[in-house]
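Everything on this sheet refers to the single structure shown next.
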Amino acid sequence: MPATTLSKTAAHDPRVFDLDQLSLRELNQALHNLAPGSNETAWEVLNPKGSHSVAVGVDQPVAIDVRGSVGYYCGGMNSGSTITVHGSAGPGVGENMMSGSITIKGDASQYAGATGKGGLLVIEGNASSRCGISMKGIDIVVHGNIGHMSAFMAQSGNLVVLGDAGDALGDSIYEARLFVRGKVDSLGADCIAKEMRPEHLELLQGLLDRAGVTGVKPAEFKRYGSARTLYNFNIDNADAY
Amino acid sequence: MCGIVGLFLKDKALEPQLGAMLSQMLISLSDRGPDSAGIAIYGAPSKNEAKITIQSAKPDRDFRGLEAELAKAIGTPVTIAVKSTHAVVRTTPAKIDEARETIQALRPDIRIMGAGDVVEIYKEVGLPEAVVDRFDVRKMTGTHGIGHTRMATESAVTTMGAHPFSTGADQCLVHNGSLSNHNNVRRELIREGMKFETENDTEVAAAYLSSQMAHGKNLGEALEGTLSDLDGFFTFVVGTKNGFGVVRDPIACKPAVMAETDQYVAFGSEYRALTKLPGIDNARVWEPEPATVYFWEH
């Protein structure tokens, strides 16, 4: 949106926070002060310049457009808001997200979506190492590639990767589903390729639709998940832990 | 934690601003490490001149009269420019090793920060802004430089424990992380004849690279060796007389962002450090891959 249209003359115009003028704390406090049913449903953040913790802990269904790149933990603990970063994100974007959605137009650094319990995280570029580590129900869709040790100890939710995955994908995975369209450098302990059944194709189509991905078919992906051999300690598996 | 930065200029027009650009980058990462800070600047080479950066906790006592005493002892003209607790000693390249030994004989409390044809190294306890102001780093010109702000984990908060560490002519290194096999590697390097000033893990990494390059490897090959010979967490940024390199360990949990334009290559622990660089909005910005060596040379 061109800068000339940013004003507060009408109720539907976004509330604009310029982080060159106002502190991060003022932005986050204003977001936390939102009452249920507030008319201030559109927010715009200017000049984030790699700031940490932009729009963490938002718990109202508002739309937040961040114009630029952010640092650590953007959108952490998000509960119901729709955050779009028009740039790249530093480590831990969407960490422990509960619901809502976060879209990163650029790349994401390490541990994107870590421990997330719900909601949708879309990364339109690449994500680096440990993407979806310990995910607990979040859905993550990465248009590009993901780095090593992604979905480490993933417990539930879905990780969809249109590109390639790095080493040790899904190490010590529990019940999350991993869908990778490209090559996987290596699978981690107890992570195996699994059959793509009709219900998985349907699930994946739904995820691609929600993430706005077009021109890609679920049948192009492979599914990976837990072999379930490490759930209970067995002395024969001691080397795998 | 620690914050590290590096800047390698391709565009000569930016050289007068190197000190200012690198200072701003380092100050932006102050909250990654409040204990001490340091900067190495690679200036313009001068044909008949090499330099040693020295430091003293008592500069009034140690630097007074040193210029004349040193010139007399080595039989060659010497100039000494004092900057707070540091001073830059300049003399002919042929006499630089002799000058170094003589300084330590004349003034046993003086510490050598680094030496070479072009490098100057300034480091002290304190926040980056205080260190940059103390040594007037913003006014310095140069071709490339590296900087560090420290949150100490492996050794004491002292001037000598601050980064950059320099263990060879015009070579220096900054480090975010901690090494676990540094005692062993230090012992091996001491056996080779390397000398150490501290118990610090990063000094071992610097000495390891100096040793590799002394054995004929180039910067890239020396950095490659760290991946098999050093154990622990590291993101290293390294400067040599005409080069600049970056390597991260295979786990790569220490953050790193790089940017490249036609004018420069820049490194920061975080993107925050890069936001005020010219043309950053159109730069190629990427996260260096784990266990992958990147280096540039003039």
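Considering A:S88, A:S79, which residue is within 14 Å of chain B (Cβ to nearest Cβ) and either modelled with pLDDT of 95 or more or touching a Gly at 6+ places or on another chain (Cβ under 7 Å) (or both)?
Numbers: A:S79 fails: within 14 Å of chain B (Cβ to nearest Cβ).
Among A:S88, A:S79, only A:S88 is within 14 Å of chain B (Cβ to nearest Cβ) and either modelled with pLDDT of 95 or more or touching a Gly at 6+ places or on another chain (Cβ under 7 Å) (or both).
Among the residues of the stretch A:65-76 satisfying the criterion of being outside any loop (DSSP other than H, G, I, E, B) and in contact with a Ser or Thr (Cβ under 8 Å, 6 or more places away or on another chain), which is nearest to the other protein chains (Cβ to nearest Cβ)? My answer is A:V70. Scanning the stretch A:11-45 for residues that are farther than 15 Å from A:I64 by Cα and either in contact with a Ser or Thr (Cβ under 9 Å, 6 or more places away or on another chain) or surrounded by 15 or more Cβ atoms within 10 Å (Cβ to Cβ) (or both) yields one hit, A:L22. Only a single criterion out of (1) in contact with a helix residue (DSSP H, G or I) (Cβ under 6 Å, 6 or more places away or on another chain); (2) within 14 Å of another protein chain (Cβ to nearest Cβ) is not satisfied by A:F152, namely (1).
Being in contact with a strand residue (DSSP E or B) (Cβ under 8 Å, 6 or more places away or on another chain), of a type in the set (A, V, I, L, M, F, W, C) and assigned by TED's automatic domain parsing to the domain that holds B:A273 narrows it down to one residue among B:L127, B:L173; which is it?
B:L173
Does the stretch A:219-235 contain at least one residue that is among the β-branched types (V, I, T), without any contact (Cβ under 8 Å) to a residue 24 or more places away in the chain and within 26 Å of A:S128 (Cβ to Cβ)? Steps first, please.
Taking the stretch A:219-235 first, the residues among the β-branched types (V, I, T) are A:229, A:235.
Now restrict to residues that are without any contact (Cβ under 8 Å) to a residue 24 or more places away in the chain: A:235.
Right, trim to within 26 Å of A:S128 (Cβ to Cβ) and you get none.
Looking through the stretch A:219-235, none of the residues is among the β-branched types (V, I, T), without any contact (Cβ under 8 Å) to a residue 24 or more places away in the chain and within 26 Å of A:S128 (Cβ to Cβ).
Would it be correct to say that A:E95 is more than 13 Å from chain B (Cβ to nearest Cβ), over 22 Å from B:G279 (Cα atoms) and assigned to a strand (DSSP E or B)? Taking the combined requirement at face value, the residue does not satisfy it.
Across the stretch B:270-298, which residue is nearest to B:V237 (Cα to Cα) among those that are more than 9 Å from chain A (Cβ to nearest Cβ) and of a type in the set (S, T, N, Q)? Can you show your working first?
Step one: filter the stretch B:270-298 for residues more than 9 Å from chain A (Cβ to nearest Cβ), giving B:277-280, B:282-284, B:288, B:291-298.
From what's left, of a type in the set (S, T, N, Q): B:282, B:292.
Numbers: B:N282: 23, B:T292: 13 Å.
Ranking the candidates gives B:T292 first.
For the stretch A:168-180, does any single residue satisfy the condition of being of a type in the set (F, W, Y), out of contact with any His (no Cβ under 9 Å at 6 or more places or on another chain) and within 14 Å of chain B (Cβ to nearest Cβ)? No, the conditions are met nowhere in the stretch A:168-180. Tally up the residues in the stretch B:25-64 that are touching a helix residue (DSSP H, G or I) at 6+ places or on another chain (Cβ under 7 Å), within 30 Å of A:G50 (Cβ to Cβ) and part of a loop (DSSP other than H, G, I, E, B), please. Count: 2. Residues of the stretch B:76-94 that are among the small types (G, A, S) and touching a helix residue (DSSP H, G or I) at 6+ places or on another chain (Cβ under 8 Å): B:S84, B:A87.
Yes or no: B:L18 in contact with a helix residue (DSSP H, G or I) (Cβ under 7 Å, 6 or more places away or on another chain), buried (at least 23 other Cβ atoms within 10 Å of the Cβ) and hydrophobic (A, V, I, L, M, F, W, C)? So B:L18 fails the test. What about B:A87, is it part of a helix (DSSP H, G or I) and free of Cβ contacts under 8 Å to residues at least 40 places away in the same chain? The answer is no for B:A87.
Taking A:G147, is it out of contact with any Asp or Glu (no Cβ under 7 Å at 6 or more places or on another chain) and either buried (at least 17 other Cβ atoms within 10 Å of the Cβ) or of a type in the set (A, V, I, L, M, F, W, C) (or both)? Quick ask: steps written out before the conclusion?
Working: out of contact with any Asp or Glu (no Cβ under 7 Å at 6 or more places or on another chain): yes; either buried (at least 17 other Cβ atoms within 10 Å of the Cβ) or of a type in the set (A, V, I, L, M, F, W, C) (or both): yes.
So A:G147 passes the test.
Scan the stretch A:34-54 and give yes if some residue there is part of a strand (DSSP E or B) and closer than 20 Å to A:H143 by Cβ, otherwise no. No; the residues of the stretch A:34-54 include none that is part of a strand (DSSP E or B) and closer than 20 Å to A:H143 by Cβ.
Count, please, the residues in the stretch B:271-298 that happen to be farther than 20 Å from B:G19 by Cβ and over 19 Å from the mean Cα position of the chain (by Cα). Can you show your working first?
In the first step, residues of the stretch B:271-298 are kept if they are farther than 20 Å from B:G19 by Cβ; the result is B:271, B:281-295, B:297.
Now narrow it down to the ones that are over 19 Å from the mean Cα position of the chain (by Cα): B:271, B:281-292.
Qualifying residue count for the region: 13.
Inspection of the stretch B:73-80 finds a residue satisfying the criterion of being surrounded by fewer than 23 Cβ atoms within 10 Å (Cβ to Cβ) and in a helix (DSSP H, G or I). Would you confirm whether any residue within the stretch B:225-236 is closer than 29 Å to B:A20 by Cβ, at pLDDT 95 or above and either assigned to a loop (DSSP other than H, G, I, E, B) or among the β-branched types (V, I, T) (or both)? Within the stretch B:225-236 (the criterion being closer than 29 Å to B:A20 by Cβ, at pLDDT 95 or above and either assigned to a loop (DSSP other than H, G, I, E, B) or among the β-branched types (V, I, T) (or both)), the answer is yes, since at least one residue qualifies.
Could you check how many residues of the stretch B:249-274 are of a type in the set (V, I, T) and crowded, with 22+ Cβ neighbours inside 10 Å? Show your work before the answer.
If we filter the stretch B:249-274 for residues that are of a type in the set (V, I, T), which is where we start, we get B:251, B:257, B:261, B:265.
This time we only want the ones that are crowded, with 22+ Cβ neighbours inside 10 Å, so: B:257.
The qualifying residues number 1.
The values are calculated or read from the model by the stated rules, or taken from the named source; none is laboratory data. No experiment lies behind these values; they were computed from the predicted model shown. Positions of Cβ are generated from backbone atoms using ideal geometry, with glycine treated the same way; all protein chains shown enter the neighbour counts.
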